[in-house]
Amino acid sequence: MNNKPSAEIQVQIGKNGPYRVSGGVPLGEEIIAADGGGESVACQHGRTFPLQQQYALCRCGHSSHKPFCDGTHAKVGFDGTETASRAPYREQTKVIRGPAMTLTDAESLCAFGRFYDPNGSVWNLVNGPDRTDREPFVRQTCNCPSGRLVAWDNASGESVEPRYEPSISLVQDPAKECLGPLWLRGGVQLVGAEGFAYEVRNRMTLCRCGASKNKPFCDGAHAAIGFDDQR
Ligand code: FES
């Protein structure tokens, strides 16, 4: 397990406070686009924020200056205790091995992005024997913002990952009429309030509504509470 912060680019979790971002990580927005049936099919770029070397992002969900922290966490008595498993991703997953591809699935990391279904569910597509199944399987799996779902090529034993530069995006989910998590991409180091270095991953989603029961990760609670800018 990787347990030593190594990168200058990192997100440091404040105890019952914000995410402190350092290293000049670009910040933008990604808006989930749905098809006619309401299934998530892609993300569209929204705003891009001016580049800053350091900034603090709201984690309690109550800032009046979202996405940035304005100190409200102290007034509302935010409890940001990190409750998520710290085991590496592969130790948390169910493994579904198909004829050509394998799916790994860590359900506790689900951020309710709903990218897994538009052309058949990835749990079925992984069992498809040919390329017509492979293409939607890989696309839908790679679209999963949280990295709950990962596709693996049986021939090479390698995972199939989208290429991302280190960046953070604010997810919006118009189909559910709510804001979503922070989307960390490209291997940004996440460090816990007590100094624990979480496994570095290409895709991670962090709770910014304050309601997740799997902090620091998003568990989809933002949809249930109708998280928005007015909170
Ligand atoms: S942002 Fe998804 S649970 Fe808080």
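Using a/c under 1.5 as the rounded threshold, could you call region 73-123 rounded, prolate or oblate? The axes a ≥ b ≥ c are square roots of the C-alpha gyration tensor eigenvalues, and prolate needs a/b larger than b/c, oblate otherwise. Cα axes put region 73-123 in the oblate bin.
Compactness of region 115-162, taken as the C-alpha radius of gyration over 2.2 N^0.38 Å, stands at 1.03.
Between region 44-62 and region 117-179, how many Å separate their Cα centres? With region 44-62 and region 117-179 each reduced to a Cα centre, they are spaced 25 Å. When the distances between all Cα atoms of the chain are binned every 5 Å from zero, what whole-number percent does each bin get? Using 5 Å bins, I get a P(r) of 1, 7, 14, 19, 20, 17, 11, 7, 3, 1, 0, 0 for the chain.
Under the convention that each Lys and Arg Cβ holds +1 and each Asp and Glu Cβ holds -1, the size of the dipole of the chain around its Cα centre is about 520 debye. Residue pairs exceeding 25 angstrom between C-alpha atoms, taken from LYS15/LYS66; LYS15/LYS176; LYS75/LYS215; LYS75/LYS176; LYS66/LYS213: LYS15/LYS176; LYS75/LYS176.
For the chain, what % of the accessible area comes from carbon and sulfur atoms, probe 1.4 Å? Show your work: numbers first, answer last.
Working: 5180 of 10730 Å².
Ligands and nucleic acids excluded, carbon and sulfur reach 48 percent.
Accessible surface area normalised per residue over the chain is 46 Å², counting heavy atoms of protein chains with a 1.4 Å rolling probe.
Which is the longest run of the chain containing none of the GluC sites (Glu not before Pro) found in DSSP loop states (not H, G, I, E, B) with at most 13 other C-beta atoms within 10 Å?
9-157
What is the ratio of the Cα radius of gyration of region 112-226 to 2.2 N^0.38 Å, with N the residue count, to two decimals? After normalising by residue count via 2.2 N^0.38 Å, the value is 1.15.
Spread over its residues, the convex hull of the C-alpha atoms of region 171-226 is 72 Å³ per residue.
The values are calculated or read from the model by the stated rules, or taken from the named source; none is laboratory data. What you are looking at is a predicted structure, and each value in this text was computed from that prediction instead of being measured. So basically every Cβ, Gly included, is an ideal-geometry build from the backbone, and we count neighbours across all protein chains shown. Just so you know, the surface numbers come from the protein's heavy atoms only, side chains and all, with ligands and any DNA or RNA stripped out. Shrake-Rupley method; radii C 1.70, N 1.55, O 1.52, S 1.80 Å.
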